[in-house]
Amino acid sequence: MTIKMSEPVRHPSSYRDPAGFVFQVEGIYYRQINQSYAADYSLLMDSGLYGKLVEKGLLIAHQELPNHSLLPANAAEAYKTILPAQLGTISYSYEWSFEQLKDAALHTLEVLNISILHDMILKDATPFNIQFIQGKPVFIDTLSFEKYDPTLPWIAYRQFCECFLFPLYLEHYCGIEQRKIQMAYPDGISAGLTARLLPWRTRLNFGTLLHVHLQNSIKAGSKERKAAFSRQKLLNIVQHLESVIRGLHTNSASHSVWNDYYQKAILSQDYLREKRKLFRDYLDGLSFRTTLDIGANDGYFSQILSERKDVSVLAIDADTICIDRLYRMAREKNIPNILPLCIEILHPSPAIGFRNRERASFHDRARAELVVALAVIHHLVLSGNIPLNDMAGYMSELTTSLLIIEFVPLEDPKAQELIRNKSSYHLPYDTHSFEQYFLSYFSIEKKTRVPNTERILYLMKKK
């Protein structure tokens, strides 16, 4: 009996590059390489560049399929079909912390450096070519490489600056969160706008003078005679970019609300210790491979979840400093199964791009077998004005199976702080109403009051 496979579906974000595109068949992603890219692809493979990048963990690996049985409708253009290593949760630069964007920039330059030594170069340099896999940035666009002409400058230099360097500069010098710049300018912020936003003193800095102010002074399409270029000149520029980026640091700490949460904002260290014990008890006997930690802060409970080496942990928080700290900690301690992202539940990343399908919303990418929401609900209801019954429905949309959630009642001191200056807020807000709303979507498997508090921890299972 012949089993007929479903029709290939082209990925909505894969339309910009004439060299090929990504498509999906029965949940598996493939990439078609078009005839127009045949020479560059052969050079990528035959030069040893692909092997070197994959060996160093810099580029996603792939397999060439032996036939064209999975080709989409325009099979006449096809040169090869490859099966890349499949990715987990997709993230975008407007969800990354400063250190994540910085590491992605340095990663791109490292790939570029190695490519030049193999007589190839990157034809584009966008953060969308990077994903975080096992805690590290990895280049995922196999079709970004082309034959290098040493007499020409790097065609993607401007894009690299607009998408990586300029947002980093603006956070470093102005304290403007780079992720918000990336959201406003997903294709990159211009040299002109960057120059206007940077303080005047940056004109005295060689890096900003060269890469921002000088670039801004050169009009696009200028017909002035260009100086001869060389391989060494390009390598010098790459080396300088690396040096500049390594010296940048975030300057947005003053905007952080929760960066000292576990030192000052929690009820007490006794409360934290008791909740940690209950949390571990709840996890015992549960089976899950993916988890979403909402309001993760700097990852106190995400680290507990990550102790299961076969579990991937998506840790989100609105506070970029907390996420930056969690990312650095996971990097330094080599905890590969935590992906920290800057996500504000009240304003999560929307679907954007062509036809609103090019970049999926966070909501559509965030499904997990276990959702954890500790000391979060009272903020969303009492501060964010989300009705309690809506929170129950939202949690049921995020989890495919399990939910561990903490209810903080109105009499709790931290809840009282949230309503101190409010004349009204959504009611009812009490334990009974909380349970009734959530019972519409979940069964309550466990319910435990955190000792010496009025807070209650729940383990729920989706109906």
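Among all residues of region 30-41, there is at least one that is outside any loop (DSSP other than H, G, I, E, B), modelled with pLDDT of 90 or more and of a type in the set (Lys, Arg). Could you tell me whether region 448-459 includes any residue that is assigned to a strand (DSSP E or B) and without any contact (Cβ under 8 Å) to a residue 12 or more places away in the chain? Looking for residues that are assigned to a strand (DSSP E or B) and without any contact (Cβ under 8 Å) to a residue 12 or more places away in the chain, one finds at least one in region 448-459, hence yes. For the subset of region 255-277 comprising residues that are more than 17 Å from residue 317 (Cβ to Cβ) and open to solvent by 50 Å² or more (accessible area, probe 1.4 Å), which member is modelled with the lowest pLDDT? Only one residue fits best here, namely 267.
Annotation note: Cβ proximity below 9 Å between a residue of region 8-36 that is acidic (Asp, Glu) and a residue that is modelled with pLDDT of 95 or more (sequence gap 6+ or interchain) occurs for 17/37; 17/123; 17/124; 17/141; 17/143; 17/144. The listed residues are 323, 304, 294, and the only one of them that is of a type outside the set (Ser, Thr, Tyr), without any contact (Cβ under 8 Å) to a residue 40 or more places away in the chain and either open to solvent by less than 60 Å² (accessible area, probe 1.4 Å) or in contact with a Phe, Trp or Tyr (Cβ under 9 Å, 6 or more places away or on another chain) (or both) turns out to be 304.
If a residue has to be under 18 Å from residue 388 (Cα atoms) and of a type outside the set (A, V, I, L, M, F, W, C) to count, how many in region 424-453 make the cut? Walk me through how you get there before you give the answer.
Pass one, region 424-453, residues under 18 Å from residue 388 (Cα atoms): 424-444.
In the following step, the residues that additionally are of a type outside the set (A, V, I, L, M, F, W, C) were identified as 424-426, 428-433, 435-437, 440-441, 443.
The total comes to 15.
Scanning region 47-55 finds one or more residues that are surrounded by fewer than 16 Cβ atoms within 10 Å (Cβ to Cβ) and assigned to a loop (DSSP other than H, G, I, E, B).
Looking at 284, 310, 298, can you tell me which residue is of a type in the set (D, E, K, R) and closer than 17 Å to residue 342 by Cα? Working first, answer last.
Working: 284 fails: closer than 17 Å to residue 342 by Cα; 310 fails: closer than 17 Å to residue 342 by Cα.
Only one candidate qualifies: 298.
Going through (1) at negative phi; (2) surrounded by fewer than 19 Cβ atoms within 10 Å (Cβ to Cβ); (3) under 12 Å from the mean Cα position of the chain (by Cα) one by one, residue 110 falls short only on (3).
Residue 89 satisfies every condition listed in (1) loosely packed, with under 15 Cβ neighbours inside 10 Å; (2) in contact (Cβ under 8 Å) with a residue 60 or more places away in the chain; (3) in a loop (DSSP other than H, G, I, E, B) except (1).
Of the residues making up region 327-350, those that are open to solvent by 30 Å² or more (accessible area, probe 1.4 Å) and under 14 Å from the mean Cα position of the chain (by Cα) are 344, 348, 350. So which pairs qualify, if the first residue must be in region 181-193 and surrounded by fewer than 16 Cβ atoms within 10 Å (Cβ to Cβ), the second must be at pLDDT below 95, the Cβ gap must be under 8 Å, and the two must be at least 6 apart or on different chains? Pairs found: 192/216.
A quick yes/no check of all residues on (1) in contact (Cβ under 8 Å) with a residue 40 or more places away in the chain; (2) surrounded by 14 or more Cβ atoms within 10 Å (Cβ to Cβ):
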{"residue": "375", "(1), (2)": "yes, yes"}
{"residue": "378", "(1), (2)": "yes, yes"}
{"residue": "385", "(1), (2)": "yes, no"}
{"residue": "396", "(1), (2)": "yes, yes"}
{"residue": "399", "(1), (2)": "yes, yes"}
{"residue": "406", "(1), (2)": "yes, yes"}
{"residue": "413", "(1), (2)": "yes, no"}
{"residue": "420", "(1), (2)": "no, no"}
{"residue": "437", "(1), (2)": "yes, yes"}
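Being modelled with pLDDT of 95 or more, open to solvent by 10 Å² or more (accessible area, probe 1.4 Å) and either within 13 Å of the chain's Cα centre (by Cα) or of a type in the set (Asp, Glu) (or both) is a property that residue 95 lacks. Would you confirm whether any residue within region 129-139 is closer than 25 Å to residue 331 by Cα, open to solvent by less than 50 Å² (accessible area, probe 1.4 Å), of a type in the set (Gly, Ala, Ser) and part of a loop (DSSP other than H, G, I, E, B)? For region 129-139, residues closer than 25 Å to residue 331 by Cα, open to solvent by less than 50 Å² (accessible area, probe 1.4 Å), of a type in the set (Gly, Ala, Ser) and part of a loop (DSSP other than H, G, I, E, B): present. Within region 168-180, residues that are small (Gly, Ala, Ser) sit with their Cβ atoms under 9 Å from residues that are part of a helix (DSSP H, G or I), at 6+ positions apart or across chains, in these pairs: 175/253; 175/254; 175/255. Across region 300-352, the number of residues qualifying as under 20 Å from residue 168 (Cα atoms) and touching a His at 6+ places or on another chain (Cβ under 7 Å) comes to 0.
Among the residues of region 422-435, count how many are open to solvent by less than 70 Å² (accessible area, probe 1.4 Å), over 28 Å from residue 313 (Cβ atoms) and in contact with a Pro (Cβ under 9 Å, 6 or more places away or on another chain).
Going through region 422-435, the residues open to solvent by less than 70 Å² (accessible area, probe 1.4 Å) turn out to be 422, 425, 428-431, 433-435.
With over 28 Å from residue 313 (Cβ atoms) added as a condition, the list becomes 422, 425, 428-431, 433.
With the extra rule that they be in contact with a Pro (Cβ under 9 Å, 6 or more places away or on another chain), the set shrinks to 429-431.
The qualifying residues number 3.
Might you check whether a residue that is modelled with pLDDT of 95 or more and either small (Gly, Ala, Ser) or under 24 Å from residue 326 (Cβ atoms) (or both) occurs anywhere in region 141-162? So far as region 141-162 goes, yes, one or more of its residues are modelled with pLDDT of 95 or more and either small (Gly, Ala, Ser) or under 24 Å from residue 326 (Cβ atoms) (or both).
For residue 390, the conditions (1) at pLDDT below 95; (2) outside any loop (DSSP other than H, G, I, E, B) all hold with the exception of (1).
Does residue 405 satisfy being modelled with pLDDT of 95 or more, of a type in the set (Val, Ile, Thr) and touching a Pro at 6+ places or on another chain (Cβ under 9 Å)? Quick ask: steps written out before the conclusion?
Numbers: modelled with pLDDT of 95 or more: yes; of a type in the set (Val, Ile, Thr): yes; touching a Pro at 6+ places or on another chain (Cβ under 9 Å): no.
So residue 405 fails the test.
Residues being in contact (Cβ under 8 Å) with a residue 24 or more places away in the chain and open to solvent by 30 Å² or more (accessible area, probe 1.4 Å): count how many of those fall in region 360-373.
Of the residues in region 360-373, the ones in contact (Cβ under 8 Å) with a residue 24 or more places away in the chain are 360, 362-363, 365-373.
Then drop every residue that is not open to solvent by 30 Å² or more (accessible area, probe 1.4 Å), which leaves 360, 363, 365, 367, 369.
Selection size over region 360-373: 5.
Taking the stated definitions as given, is residue 116 of a type in the set (A, V, I, L, M), open to solvent by less than 10 Å² (accessible area, probe 1.4 Å) and outside any strand (DSSP E or B)? Yes.
The values are calculated or read from the model by the stated rules, or taken from the named source; none is laboratory data. Not measured: the values here are computed from a predicted model. Cβ coordinates were reconstructed from backbone atoms using ideal geometry, including for glycine residues, and neighbour counts include every protein chain displayed. With ligands, DNA and RNA removed, areas are computed over all heavy atoms of the protein, side chains included. Shrake-Rupley method; radii C 1.70, N 1.55, O 1.52, S 1.80 Å.
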